[in-house]
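Quick notes on the structure that follows.
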Amino acid sequence: MARLKTHDEALRLRLLHRAAATVFDRGTAALSLRQLAADVKTSTTAVYSLFGNKAGLLSSLYEEAARLFAARLAAIRPTDDPAGDVIRLGLVYREYAIANPHLYAILFSDRSVQCPSESERPREAIETYRPLVDAVRRGQQAGQFSSESVPEVIALSVWGTAHGLVSLVLSGNEPPGLAVADCYERALGVLVAGWRVSEGKVQGFADVP
C-alpha cells in the first residue's frame, strides 16, 4: 500500500525523535505505538504505514541514531595533524552525546537491547568508528603513533575513554564538585600522547616492571 502524502519524511523523523526520548527515559518496553502516535498528534495508521510494527520502528530508530552520529563525526575534516584530529573527534563525540542524549543512548545504552542484533545493525553504525580509525591510521603513517598495534586497537582505547567519561555525565554520576568537562580534553590528550611511543614504554613509565 502506498503511503499517504501526510505520512512523509518530516512525520517519520518526528516519530523517531519522540520514540528515542521515550526509550531513553523508560526503556523499549515502555514504547507504545498508540501513545507515540498520540504524542506526535498523528494516527496509529501513520505509524504502521511508516514502520510496519514496533520492531520496524526500533530498527529504524537505531539506524537513524547511527546515521546522525556518523554524519556529525564525518563532518570533521582531516588536517595535517592526525593526532590533533583524534582529539577533535573526541571533543565532537562528547558535544554530540550531551546535545542528543536520547539518540546517543539508543546506540550505546543497555536499554537498546531490543534494537537490531549486531549482525543486523546497519552500515551507518560502523561509520561512527571509521573517522577515528582513519585518523589513527594517518597518524601512524605520519610517525605520530606507535605502529606496534593495528589502528583499530588505538582507536578503541580512545573511544572507550570518551564513552566512559561521557557516560558519567549522561548518567548523572559525576563525583560531587567535579565535572568531566574539566578533564575530558586533557584525558584524551594524555591518551594520545601515550600512543605516540612504543607500547609498554610510555614516557615516564618505561622502567615500571
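A few notes on this one:
- Test result for ALA66, more than 18 Å from LEU103 (Cβ to Cβ) and buried (at least 17 other Cβ atoms within 10 Å of the Cβ): no
Residues are listed down the side, and each one gets a yes or a no for (1) under 15 Å from TRP159 (Cβ atoms); (2) at pLDDT below 90; (3) in contact with a strand residue (DSSP E or B) (Cβ under 9 Å, 6 or more places away or on another chain):
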| position | (1), (2), (3) |
| --- | --- |
| ASP80 | no, no, no |
| GLY84 | no, no, no |
| LEU89 | yes, no, no |
| TYR96 | yes, no, no |
| ALA105 | no, yes, no |
| ASP110 | no, yes, no |
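- Taking segment 159-198 as the range and being open to solvent by 40 Å² or more (accessible area, probe 1.4 Å) and touching a Lys or Arg at 6+ places or on another chain (Cβ under 7 Å) as the test, no residue passes.
- Residue within segment 77-84 that is open to solvent by 50 Å² or more (accessible area, probe 1.4 Å), of a type in the set (S, T, N, Q), free of Cβ contacts under 8 Å to residues at least 60 places away in the same chain and within 30 Å of ALA187 (Cα to Cα) present: yes
- When segment 132-158 is filtered for residues that are open to solvent by 20 Å² or more (accessible area, probe 1.4 Å) and touching a residue at least 60 places away in the same chain (Cβ under 8 Å), the ones remaining, listed by number, are ARG138, ALA142, GLN144.
- Scanning segment 85-106 for residues that are among the aromatic types (Phe, Trp, Tyr) and buried (at least 20 other Cβ atoms within 10 Å of the Cβ) returns TYR93, TYR104.
- Within segment 16-27, residues that are more than 9 Å from LEU103 (Cα to Cα) reach partners that are open to solvent by 10 Å² or more (accessible area, probe 1.4 Å) and among the hydroxyl-bearing types (Ser, Thr, Tyr) with beta carbons closer than 7 Å, at six or more positions or on different chains, in the pairs LEU16/SER60.
The values are calculated or read from the model by the stated rules, or taken from the named source; none is laboratory data. Since this is a predicted model, take the numbers as computed values, not measurements. Neighbour counts run over all protein chains shown; Cβ positions are idealised from the backbone, glycine included. Just so you know, the surface numbers come from the protein's heavy atoms only, side chains and all, with ligands and any DNA or RNA stripped out. Shrake-Rupley method; radii C 1.70, N 1.55, O 1.52, S 1.80 Å.
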